[in-house]
Amino acid sequence: MKKRCRNNQGFTLIEIMVVVVILGILASIVVPKLLDRPDQARVTKAQLDIKGLEESLGMFKLDNGFYPTTDQGLSALVTIPDSGRIPSKYPEGGYLKKIPKDPWEGDYLYLSPGAHSKDYDLISYGADGEPGGEGIDADINSWEL
């Protein structure tokens, strides 16, 4: 007769369940930290967009001696304004190809003259699209960058 090996190598159901529970606990700690990264990336993108718009507005002023009015808006960086003070040295291709949307697909708010800066204010209302808010819903303002 053949001897049966009673020393079977393998995992019991209890051992497997302990490992699954440990992995679940680790996932509940790690996943929220990983999910927070896209929100930080969106805030950073909005800050970079505002900086880029500020550079284009600076070039507009350097060429023409004034910033676009609130009524002319940021579209004055794409096409020459047809109302208000008309720029005399507007480049053929404009200053931008198109006005970017904020990372939450909202429009950047442009006010000139600004309430917080004597020249202009640029604002993204954040994830909620409403003034104010905290965390990811907080406004991103040019005068705070």
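Check the stretch 70-81 and report whether any residue there is under 30 Å from GLU134 (Cβ atoms), surrounded by 11 or more Cβ atoms within 10 Å (Cβ to Cβ) and without any contact (Cβ under 8 Å) to a residue 12 or more places away in the chain. There is no residue in the stretch 70-81 that is under 30 Å from GLU134 (Cβ atoms), surrounded by 11 or more Cβ atoms within 10 Å (Cβ to Cβ) and without any contact (Cβ under 8 Å) to a residue 12 or more places away in the chain. Per the listing LEU48, LEU34, the residue uniquely of a type outside the set (D, E, K, R) and either modelled with pLDDT of 90 or more or touching a strand residue (DSSP E or B) at 6+ places or on another chain (Cβ under 8 Å) (or both) is LEU48. Output the number of the condition that LYS51 fails; it satisfies all remaining conditions of (1) in a loop (DSSP other than H, G, I, E, B); (2) surrounded by fewer than 14 Cβ atoms within 10 Å (Cβ to Cβ). Only one criterion in (1) in a loop (DSSP other than H, G, I, E, B); (2) surrounded by fewer than 14 Cβ atoms within 10 Å (Cβ to Cβ) is unmet by LYS51, namely (1). Here LYS2 passes the criteria (1) under 25 Å from ASN141 (Cβ atoms); (2) modelled with pLDDT under 75 except the one numbered (1). Is there a residue in the stretch 29-39 that is assigned to a helix (DSSP H, G or I), touching a residue at least 12 places away in the same chain (Cβ under 8 Å) and not basic (Lys, Arg)? Within the stretch 29-39 (the criterion being assigned to a helix (DSSP H, G or I), touching a residue at least 12 places away in the same chain (Cβ under 8 Å) and not basic (Lys, Arg)), the answer is yes, since at least one residue qualifies.
When the residues of the stretch 94-106 are filtered to those that are touching a Lys or Arg at 6+ places or on another chain (Cβ under 9 Å) and closer than 17 Å to GLY132 by Cβ, the one that is surrounded by the most Cβ atoms within 10 Å (Cβ to Cβ) is ASP102.
The residue list GLY10, GLY58 contains one member that is within 30 Å of GLU144 (Cβ to Cβ) and either without any contact (Cβ under 8 Å) to a residue 60 or more places away in the chain or not in a loop (DSSP other than H, G, I, E, B) (or both), which is GLY58. Restricting attention to the stretch 70-129, the residues that are assigned to a loop (DSSP other than H, G, I, E, B), under 20 Å from the mean Cα position of the chain (by Cα) and among the charged types (D, E, K, R) add up to 7. Tallying residues that are free of Cβ contacts under 8 Å to residues at least 40 places away in the same chain, acidic (Asp, Glu) and out of contact with any helix residue (DSSP H, G or I) (no Cβ under 7 Å at 6 or more places or on another chain) within the stretch 91-145 yields 8. Of everything in the stretch 12-64, what is in contact with a helix residue (DSSP H, G or I) (Cβ under 8 Å, 6 or more places away or on another chain) and of a type outside the set (S, T, N, Q)? Give them in sequence order. Of everything in the stretch 12-64, those that are in contact with a helix residue (DSSP H, G or I) (Cβ under 8 Å, 6 or more places away or on another chain) and of a type outside the set (S, T, N, Q) turn out to be ASP39, ARG42, VAL43, ILE50, LEU53, GLU54, LEU57, PHE60. I need the full set of residues from the stretch 61-101 which are in contact with a Phe, Trp or Tyr (Cβ under 6 Å, 6 or more places away or on another chain) and within 18 Å of SER142 (Cα to Cα), in order please. Across the stretch 61-101, the qualifying residues are LYS61, TYR67, GLY73, LEU74, LEU77.
The values are calculated or read from the model by the stated rules, or taken from the named source; none is laboratory data. Since the model is a prediction, treat every value here as computed from it, not as a measurement. FYI the Cβ positions are ideal-geometry reconstructions off the backbone, even for glycines, and counts take in every protein chain you see.
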